[in-house]
Amino acid sequence: MKKIGFIGLGKMGSGMAKSLIRAGYPLVVYNRTLKKAEPFKELGAEISKTPKELGSIVDVVITMVSDVPALIEVLLGEDGAAQSAKRGTIFIDSSTIYAAASKSIAKELNRRGLEMLDAPVLGGPADAEKGQLTFFVGGKKEIFTKVKDLFDAMGRKTYYLGPNGSGCYMKIVVNMLRAVFLANFSELIMIPLKAGIDFNTILEILEEDSWGPLIKKYKGRMFDPNAKVKFPISLMTKDIEYALRTGFDLKIPLFTVSAAKGLFEIARSMGLEEKDYTHVYYVLRKLAGLG
Ligand code: NAP
């Protein structure tokens, strides 16, 4: 059986790593903050002190870290997994990053005789915990085929989409539809609210329209200022930045994403980075003078 290395035991990575253990894969884990890795010992995983140590003893390395600088550090940094990995090791990156960065990391790994797939995910921490994620995969088809079983262990559905970067392109679209919808909805709902129309009646009317299922999905979190954070403003702002870079690279003007960026930047400047991204509703309330 393939020996798997997992780097990045945050909200998403910890659930994904547990799914691999449940499926019976021998697992080695690394997390920058060691404390988060310790519980994995009891679950039967080995703990590595550095990504480099991990890279030398596994056949596949899966990464689930915050952003591009984090990924470069754990793969190509001085103590990075790619420094010690044997030829043919397969790297699977599930972090949400932008395609140009992912492609250039893949190129560097290939130059060292290593393989890489980008495999960002759809689904949150609860889906990761249950092994119910959806994967968008880019990279060589023959490499994907070799590790398809790992996606099956961590997810409910996997789409192989094409060469390196393809997974990143698709993931950024999914997240931007959410960011733009949230910004747009939060902004427009201020009109009836400020006009004094009853809140429940506003929601009832809006839910009758085609956006109903989305409003129903978000309203529990959105209208509770202390809602559990599923996806923080900090990560969504990072994704917006990555989407705009992708648009720039492909010469696609992303007007609505640019507008949403402004709102998320304001939220950050108000110190709300760690709030759930639906919290932009409260930012709009403030801007609209509704407190
Ligand atoms: P998270 O809980 O903040 O975890 C981030 C992980 O990255 C942690 O393990 C963190 O280590 C590690 N990390 C950050 N900077 C690092 C560095 N410089 N060197 C080494 N490790 C570093 O985030 P998450 O929610 O799991 O998200 C992880 C990725 O999945 C992000 O790209 C996010 O956009 C994407 N994603 C998230 C969700 C979601 O609902 N949360 C859904 C889909 C995709 P420490 O523990 O030491 O900080």
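Residue selection: T50 fails the criterion of being open to solvent by less than 60 Å² (accessible area, probe 1.4 Å), near the ligand (Cβ under 10 Å from one of its atoms) and either touching a residue at least 12 places away in the same chain (Cβ under 8 Å) or not aromatic (F, W, Y) (or both).
For segment 164-182, taking the residues that are of a type outside the set (S, T, N, Q) and open to solvent by less than 10 Å² (accessible area, probe 1.4 Å), the one that is nearest to Y218 (Cα to Cα) is identified as L182. None of E241, E274 is outside the structural domain of A70 (by TED's automatic domain parsing) and closer than 17 Å to R178 by Cβ except E241.
Of all residues in segment 54-69, those satisfying the criterion of being surrounded by fewer than 19 Cβ atoms within 10 Å (Cβ to Cβ), within 8 Å of the ligand (Cβ to nearest atom) and in contact (Cβ under 8 Å) with a residue 12 or more places away in the chain are S66, D67.
Every residue, every condition in (1) within 12 Å of the ligand (Cβ to nearest atom); (2) touching a residue at least 24 places away in the same chain (Cβ under 8 Å); (3) open to solvent by 60 Å² or more (accessible area, probe 1.4 Å), yes or no:
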{"site": "G212", "(1), (2), (3)": "no, no, no"}
{"site": "V229", "(1), (2), (3)": "yes, yes, no"}
{"site": "D239", "(1), (2), (3)": "yes, yes, no"}
{"site": "L244", "(1), (2), (3)": "no, no, no"}
{"site": "G247", "(1), (2), (3)": "no, no, no"}
{"site": "L250", "(1), (2), (3)": "no, no, yes"}
{"site": "L254", "(1), (2), (3)": "no, yes, no"}
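In the set K141, K148, only one residue is more than 27 Å from K251 (Cβ to Cβ), without any contact (Cβ under 8 Å) to a residue 60 or more places away in the chain and open to solvent by 80 Å² or more (accessible area, probe 1.4 Å); that residue is K141. Among the numbered conditions (1) more than 14 Å from the chain's Cα centre (by Cα); (2) part of a helix (DSSP H, G or I); (3) within 18 Å of M16 (Cα to Cα), the only one that R156 does not meet is (2).
The values are calculated or read from the model by the stated rules, or taken from the named source; none is laboratory data. Please read these numbers as outputs of a predicted model, since none were measured by experiment. Here Cβ is always computed from backbone atoms with ideal geometry, including for glycine, and neighbour counts include all displayed protein chains. These area figures cover heavy atoms from the full protein model, side chains too; ligands, DNA and RNA do not enter into them. Shrake-Rupley method; radii C 1.70, N 1.55, O 1.52, S 1.80 Å.
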